[in-house]
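Asks: Can you read through this structure? Questions will come right after.
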Amino acid sequence: MLASLGGLLTIGLVGGLSHYAHVPMLIAPFGASCVLLFSVPGSPLSQPANVVGGHGVATLVGLVLRLALPNEWWAAALAVGLAIGLMAALRVTHPPAGADPLVVFAADPDFGFLVLPVLSGALALVAVATVFHKASGTPYPARRS
């Protein structure tokens, strides 16, 4: 129940901020990020660098390939594959971010999409998760040994 409350509050707060500030801050993969942030906060995949870095890397790959390639299924597949490989190489794997290139190919945004909603939204998710876990007594972010 605590995980569901965390996801509800986080998406609610970020969505409300987005609505009242008139700036987009939510994308569908953030719902999946909340599953990791609140169900398994100790997982390496849930750590702030992975959440923000994974979404940033995957979105950037999608934006670059969308600019260079036609909006076709094979180009989207290539973007997802490259995003997974680059996240792994940079050690910022975050599974929900694997959907970001698909969002890019579906929406065809400009490069500003990387900042709003992706990086700002990912940072907001991590900030809310940090406060939520501190209040609930759950260690987050995990301590590196």
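Asks: Test G62 against the criterion of being surrounded by 17 or more Cβ atoms within 10 Å (Cβ to Cβ), modelled with pLDDT of 95 or more and in a helix (DSSP H, G or I), and give yes or no.
Replies: Here the answer is yes, as G62 does meet what is asked.
Asks: Ok, one more. In this structure, does V80 turn out to be in contact (Cβ under 8 Å) with a residue 24 or more places away in the chain, touching a helix residue (DSSP H, G or I) at 6+ places or on another chain (Cβ under 8 Å), closer than 20 Å to L119 by Cα and β-branched (V, I, T)?
Replies: No: the conditions fail for V80.
Asks: While we're here: Can you name every residue in segment 27-51 that is among the β-branched types (V, I, T), closer than 27 Å to R143 by Cβ and part of a loop (DSSP other than H, G, I, E, B)?
Replies: Filtering segment 27-51 down to residues among the β-branched types (V, I, T) leaves 27, 35, 40, 51.
Still in the list and also closer than 27 Å to R143 by Cβ: 35, 40, 51.
Once the filter is applied, which keeps residues that are among the β-branched types (V, I, T), closer than 27 Å to R143 by Cβ and part of a loop (DSSP other than H, G, I, E, B), segment 27-51 yields only V40.
Asks: Kindly provide the set of residues from segment 118-145 that are surrounded by 15 or more Cβ atoms within 10 Å (Cβ to Cβ) and of a type in the set (S, T, Y), ordered by number.
Replies: S120, T130, T138, Y140
Asks: Can you tell me which residues in segment 80-97 are surrounded by fewer than 19 Cβ atoms within 10 Å (Cβ to Cβ), small (G, A, S) and under 22 Å from C34 (Cα atoms)?
Replies: Matches in segment 80-97: A88 only.
Asks: Just a yes or no: is a residue in segment 10-26 in contact (Cβ under 8 Å) with a residue 24 or more places away in the chain, under 11 Å from the mean Cα position of the chain (by Cα) and not in a helix (DSSP H, G or I)?
Replies: yes
Asks: Go through segment 113-145 and report how many residues are in contact (Cβ under 8 Å) with a residue 60 or more places away in the chain, aliphatic (A, V, I, L, M) and in a helix (DSSP H, G or I).
Replies: Of the residues in that region, 10 qualify.
The values are calculated or read from the model by the stated rules, or taken from the named source; none is laboratory data. Predicted model only: the values in this text are computed from it and were never measured. Please note: Cβ atoms are built from the backbone with ideal geometry, for glycine as well, and neighbour counts cover all protein chains shown.
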